[in-house]
1. Assuming F153 fulfils every condition listed in (1) at pLDDT below 90; (2) assigned to a helix (DSSP H, G or I); (3) surrounded by 13 or more Cβ atoms within 10 Å (Cβ to Cβ) apart from one, which condition is it?
2. With respect to I12, is the statement that it is hydrophobic (A, V, I, L, M, F, W, C), part of a loop (DSSP other than H, G, I, E, B) and under 27 Å from the mean Cα position of the chain (by Cα) true?
3. Determine if the range 109-117 includes at least one residue that is modelled with pLDDT of 80 or more and over 21 Å from T161 (Cβ atoms).
4. Of the numbered conditions (1) surrounded by 13 or more Cβ atoms within 10 Å (Cβ to Cβ); (2) modelled with pLDDT of 85 or more; (3) among the hydrophobic types (A, V, I, L, M, F, W, C), A80 satisfies every one except a single condition; which is it?
Amino acid sequence: MDQPAEVTFVDIAHSDAIEARIRERAAHLAHISPDIVSCQVWVRAPHKRHRTGTEYVIDLTVQMPGRTLNVDRRPGDDHAHIDIYVAIRDAFAAMERMLRKWKDINKGRPEVHEAPLQGRIEVLNAQEGFGQIATTDGRLVYFHRNSVAGDGFGDLQQGETVELSIDRKDADAGPHASFVRPIGPLKFVDTAG
């Protein structure tokens, strides 16, 4: 985080101890994700109740590159947020979960691959070493001889059923098959037609 967290007290007197706890938790957020641009925290006591005690609300906003994450921990039915430190703990725990999810989506996690698709070879150019597969989900996908399992390109026939994996990266003209394997006609499941 480039700058320290902004802490604002609303409807409640400022407390150095509460602010110190919030800054400690905000520093922990920066360890979880160093991509945090800014962090703003509002400590509120909107409803002062004499019988059950004041229930605190912690509003927390974290600005990430291209996204703003918000947590507003409203008191629940269990009156746990009459303790301001519990309210702080719950708000920052929720933000930690959101940051980890953001980090999983946007940073370095391995991509989950889809199950292999099936299709039929629609176009086969044996001389040039490429073809096109009509998939069961209605797409026409390009493949190259190097994507066919083993040295099986020469054995492929137009109309033959295959299983394929699609590579969406580095495809200027659209998706292409990164792996093609012939399958028997009894294993072919045509869901398109």
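1. (1)
2. Numbers: hydrophobic (A, V, I, L, M, F, W, C): yes; part of a loop (DSSP other than H, G, I, E, B): yes; under 27 Å from the mean Cα position of the chain (by Cα): no.
The answer is no for I12.
3. Just the residues of the range 109-117 that are modelled with pLDDT of 80 or more, to begin with: 117.
Then keep just the ones that are over 21 Å from T161 (Cβ atoms); that gives none.
Looking for residues that are modelled with pLDDT of 80 or more and over 21 Å from T161 (Cβ atoms), one finds none in the range 109-117, hence no.
4. (2)
The values are calculated or read from the model by the stated rules, or taken from the named source; none is laboratory data. Note that the coordinates shown come from a computational prediction; the quantities given were computed from them, not determined experimentally. Reconstructed Cβ throughout: ideal geometry from the backbone, glycine too, with neighbour counts over all protein chains shown.
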